[in-house]
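**Student:** Before anything else, here's the structure in question.
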Amino acid sequence: MNNVLEVRNLQKVYGTRGNLYPALEGIDLQIQEGEFVGIMGPSGAGKTTLLNLIASIDNPTRGSIIIDGDNLVTMDEAQLARFRRDKLGFLFQDFNLLDTLTVKENVVLPLALARIPIDEIETRVGRVARPLGIQDILAKYPYEISGGQKQRTAAARAIIHNPRLVLADEPTGALDSRASTELLQCLADLNKSYATTIMMVTHDAFAASYCQRILFIKDGVLFSELVRGATRKDFFHKILDVLAVLGGDNRDFI
Ligand code: ADP
């Protein structure tokens, strides 16, 4: 199996001399092609920092981040911009759709930016719309659709260019439980059918239970790891057990 992501000895220190704050320390992790990995930990543990470093929108203090064989740390801004566009897909809590574009136009945006031919764009829309259940709303505008449909539109946009890695930051954070379940099921199906590699930050044990593996961070270091066994329900309870040991404010995990 190939490693899509390899993080080695990653450190991030915020602040200036005399007022330094280490947010991440000595993080080592790998994500293999086709994995669906969750990142969990109490508030302030360093999850967002880790995601931002892997998304290459922030620079580490030390260490390397290798995606698809390329070390982000050695790239310049132009290379990073191209890298993000071609190799990464993003899914955020608040959808980030453009209100003046239809669902279809939002979904194809990454392809239009990459100057993919029209025929190819149509084929790819067909391929992502069905598994995400948005084929009937392609002509609608974001204000005409539900939160769940918005997030599934955003998920279609995140995967339409076949990125090597999809980074999801609390993707169910703004959804009700039914829409969350639908989105998570879609992500799990995409992961299974298309071997889409997904790394998802979440504080929600239910959302995390759709992953195959969870990495727990506490105080900027990797605390433990859980691998899913036979059933999602069983995994959910194991995740809750680790969260209880991790401590912190319980409200973080509701
Ligand atoms: P999480 O996403 O797990 O809640 P973060 O990655 O946001 O944690 O933050 C980790 C730690 O780093 C926190 O203590 C936070 O206050 C600190 N931190 C985050 N961003 C900055 C920043 N830009 N400057 C200084 N400290 C920061």
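The values are calculated or read from the model by the stated rules, or taken from the named source; none is laboratory data. All figures in this text were calculated on a predicted structure; none of them were measured in a lab. When we count neighbours, we look across all protein chains shown, and the Cβ atoms used for this are built from the backbone with ideal geometry, even at glycine. To get the accessible areas, we keep the full protein, side chains included, count just its heavy atoms, and leave off ligands, DNA and RNA. Shrake-Rupley method; radii C 1.70, N 1.55, O 1.52, S 1.80 Å.
**Student:** Filtering region 121-147 down to residues that are without any contact (Cβ under 8 Å) to a residue 40 or more places away in the chain, in a loop (DSSP other than H, G, I, E, B) and among the small types (Gly, Ala, Ser), which residue is nearest to HIS161 (Cα to Cα)?
**Tutor:** Within region 121-147, the match that is nearest to HIS161 (Cα to Cα) is ALA139.
**Student:** From the list ARG164, ARG157, ARG228, ARG232, which residue is free of Cβ contacts under 8 Å to residues at least 40 places away in the same chain and touching a helix residue (DSSP H, G or I) at 6+ places or on another chain (Cβ under 7 Å)? Walk me through it before giving the result.
**Tutor:** Details: ARG164 fails: free of Cβ contacts under 8 Å to residues at least 40 places away in the same chain; ARG157 fails: free of Cβ contacts under 8 Å to residues at least 40 places away in the same chain; ARG232 fails: touching a helix residue (DSSP H, G or I) at 6+ places or on another chain (Cβ under 7 Å).
After ruling out the rest, the residue left standing is ARG228.
**Student:** So LEU10 ticks every box in (1) closer than 19 Å to ALA168 by Cα; (2) within 16 Å of the ligand (Cβ to nearest atom); (3) not hydroxyl-bearing (Ser, Thr, Tyr) but one. Which box is left unticked?
**Tutor:** (1)
**Student:** Specify the residue that is nearest to ASP68 (Cα to Cα); the eligible residues are those in region 195-247 that are among the aliphatic types (A, V, I, L, M) and in a loop (DSSP other than H, G, I, E, B).
**Tutor:** Step one: of region 195-247, the residues among the aliphatic types (A, V, I, L, M) are 195, 198-201, 205, 207-208, 214-215, 217, 221-222, 226-227, 230, 239-240, 242-246.
Checking the rest, the ones that are also in a loop (DSSP other than H, G, I, E, B) come to 195, 230.
Details: ALA195: 15, ALA230: 30 Å.
Residue satisfying both the conditions and the ranking: ALA195.
**Student:** Further, regarding this structure: Those residues that are at positive phi, within 15 Å of the ligand (Cβ to nearest atom) and touching a helix residue (DSSP H, G or I) at 6+ places or on another chain (Cβ under 8 Å), I need them from region 33-68; list them, please.
**Tutor:** We begin by selecting, within region 33-68, every residue at positive phi; these are 34, 41, 44, 46, 56, 63, 68.
Subset that is within 15 Å of the ligand (Cβ to nearest atom): 41, 44, 46.
Correct list: GLY41 only.
**Student:** Among the numbered conditions (1) more than 21 Å from ASN191 (Cα to Cα); (2) in contact (Cβ under 8 Å) with a residue 40 or more places away in the chain; (3) among the aromatic types (Phe, Trp, Tyr), tell me where PHE83 comes up short.
**Tutor:** Only one criterion is unmet by PHE83, namely (2).
**Student:** Of the conditions (1) open to solvent by less than 10 Å² (accessible area, probe 1.4 Å); (2) under 28 Å from PRO110 (Cβ atoms); (3) among the hydroxyl-bearing types (Ser, Thr, Tyr), THR181 satisfies every one except a single condition; which number is it?
**Tutor:** THR181 satisfies all of (1) open to solvent by less than 10 Å² (accessible area, probe 1.4 Å); (2) under 28 Å from PRO110 (Cβ atoms); (3) among the hydroxyl-bearing types (Ser, Thr, Tyr) except (1).
**Student:** Taking region 40-84 as the region of interest, how many residues are under 27 Å from TYR210 (Cβ atoms), outside any loop (DSSP other than H, G, I, E, B) and not hydrophobic (A, V, I, L, M, F, W, C)?
**Tutor:** 5
**Student:** Please work out which residue is nearest to the chain's Cα centre (by Cα), limiting yourself to region 92-120 and to residues that are open to solvent by 40 Å² or more (accessible area, probe 1.4 Å) and touching a residue at least 60 places away in the same chain (Cβ under 8 Å).
**Tutor:** Selected residue: PHE92.
**Student:** Now for a separate question. Six or more apart or on different chains, Cβ atoms under 7 Å: show the pairs whose first residue is in region 43-60 and closer than 21 Å to ASP204 by Cα and touching a residue at least 12 places away in the same chain (Cβ under 8 Å) and whose second is near the ligand (Cβ under 6 Å from one of its atoms) and open to solvent by less than 50 Å² (accessible area, probe 1.4 Å).
**Tutor:** GLY46/ALA23; LYS47/GLY41; THR49/ALA23
**Student:** Let me ask another. All but one of (1) in contact with a strand residue (DSSP E or B) (Cβ under 7 Å, 6 or more places away or on another chain); (2) modelled with pLDDT under 95; (3) within 16 Å of the ligand (Cβ to nearest atom) hold for ASP204; which doesn't?
**Tutor:** All conditions pass for ASP204, except number (1).
**Student:** Could you check ALA154 against (1) surrounded by 14 or more Cβ atoms within 10 Å (Cβ to Cβ); (2) touching a Ser or Thr at 6+ places or on another chain (Cβ under 8 Å) and say which number it fails?
**Tutor:** (2)
**Student:** Mind counting the residues in region 33-48 that are of a type in the set (Ser, Thr, Tyr) and either modelled with pLDDT of 95 or more or open to solvent by less than 10 Å² (accessible area, probe 1.4 Å) (or both)?
**Tutor:** Step one: filter region 33-48 for residues of a type in the set (Ser, Thr, Tyr), giving 43, 48.
If we keep only those that are either modelled with pLDDT of 95 or more or open to solvent by less than 10 Å² (accessible area, probe 1.4 Å) (or both) too, we end up with none.
Within region 33-48, residues that are of a type in the set (Ser, Thr, Tyr) and either modelled with pLDDT of 95 or more or open to solvent by less than 10 Å² (accessible area, probe 1.4 Å) (or both) number 0.
**Student:** May I ask you to list the residues in region 13-32 that are buried (at least 16 other Cβ atoms within 10 Å of the Cβ) and near the ligand (Cβ under 8 Å from one of its atoms)?
**Tutor:** ALA23, LEU24
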